[in-house]
1. Using a 1.4 Å probe, how large is the accessible area of S247, given in Å² and rounded to the nearest 10?
2. Ignoring ligands, DNA and RNA, how do R270, R89 rank by accessible area with a 1.4 Å probe, largest first?
3. Given C-alpha coordinates of the range 130-244, what is the ratio Rg to Rh with the Kirkwood estimate of Rh?
4. log₁₀ I(q)/I(0) of the range 195-277 at q = 0.12, 0.13, 0.20, 0.23 Å⁻¹, via Debye over equal Cα point scatterers, no solvent, to two decimals?
5. As a test of the definition: which semi-axes, in Å, follow for the range 50-109 when you take the square root of five times each eigenvalue of its alpha carbon gyration tensor? Largest first, please.
6. Looking at the calculated P(r) for the range 112-171, what percent of the C-alpha pair distances fall above 12 Å?
7. Pop the C-beta distance of K180 and V217 into the FRET formula with R0 = 25 Å and round what comes out to the nearest 0.05.
8. May I ask you to list the chymotrypsin sites (Phe, Trp or Tyr not before Pro) in the range 155-252 that are in a DSSP loop and have at most 13 other Cβ atoms within 10 Å of their Cβ?
Amino acid sequence: MRSSSNPAFRNLPGGGTQTYGQYGPPVGFNQPQGGVPGYDPGRATAGEGDRPMTVDDVVVKTGMSLGVALLVGVVTGIWAQVQITETGRISGALLGAMLVGLLVGLVISLVIIFRQKPSGALTLTYSAAEGLFLGALSGVFEAIYPGIALQAIIGTAGVFIGMLVVYKTGAVKVTPKLTKWIVGAVVGVAILMLFNLISSLVFGFNPLRDGGPLAIVFSLVCIGIAAFSFLLDFDQADRMIREGMPSKWAWYTAFGLMTTLVWLYLEILRLLSYFRE
């Protein structure tokens, strides 16, 4: 089983010749004997245990998660713009909403990743938290650069659909070598972001996010890596379906796709702001 660059998928049961239905979470996680709880590959039929996951399950669960994020994001974004219009500044309430959404989303994402169990409630809560954070942030950007949020949404949707077409047509094959390159790129970018954050906080030096030529190149690289990460996410979801994961694991797939969508949207929003400047 190839791993994904998405941390939500990298720790999924797998490896060797074992299938999802036969192999539980990796060593170090507490799980019942016999693999995935409540799932027996020999009796995964309708009415017996949990039926195998289908493409429709993934589409529906991802659509629900995305819908919650969009709904909360739009409402929060409108509220943010009203706040800025009335006060002429970014209010404490707006900053608080961003911080709450960011922290809650981070905590829930870590719980989902390390808990190693699919949960519709946690996935939808994560989507709502990210909607709160992104909506508040987008509202601030929208007040400064009118129309930028819609452009970022369209750009994100375009990249997602484009990479789905690329995957389905087989234009780019997901091979072990490609997987290693993408995973390595994600790790490298994460390290650079961490060092840049430390540099900006300690020395006030922020070369990767200051809107300059290097920052533009860095955002383009991040967008490219996020786009190719979709290929690994699609491939992982496809394998989960073929190997008979229970339908409830579609929530885990939806969460993994949402994390990549959130990252992609943030990078596109940031890149568009650079060009507006």
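1. Counting only protein heavy atoms, S247 exposes about 20 Å² to solvent.
2. Listed by decreasing accessible area, they come as R89, R270.
3. Values: Rg = 17.0 Å, Rh = 16.5 Å.
My calculation of the ratio gives 1.03.
4. Log10 of I(q)/I(0), two decimals: -0.49, -0.55, -0.89, -1.03.
5. On the way: eigenvalues 226, 40, 5 Å².
Taking √(5λ) for each eigenvalue gives 34, 14, 5 Å, largest first.
6. Values: 1346 of 1770 pairs.
Of all Cα-Cα distances in the range 112-171, 76 percent exceed 12 Å.
7. Working: r = 23 Å, r/R0 = 0.93.
Computed FRET efficiency for K180 and V217: 0.60.
8. Taking the range 155-252 and a limit of 13 other Cβ atoms within 10 Å, the loop chymotrypsin sites (Phe, Trp or Tyr not before Pro) found are F203, F205.
The values are calculated or read from the model by the stated rules, or taken from the named source; none is laboratory data. This is a predicted model, so every value here is computed, not measured. Quick reminder, even Gly has a Cβ in these numbers, built from the backbone with ideal geometry, and neighbours come from all protein chains shown. Only protein heavy atoms, including side chains, enter the accessible area calculation; ligands, DNA and RNA are left aside. Shrake-Rupley method; radii C 1.70, N 1.55, O 1.52, S 1.80 Å.
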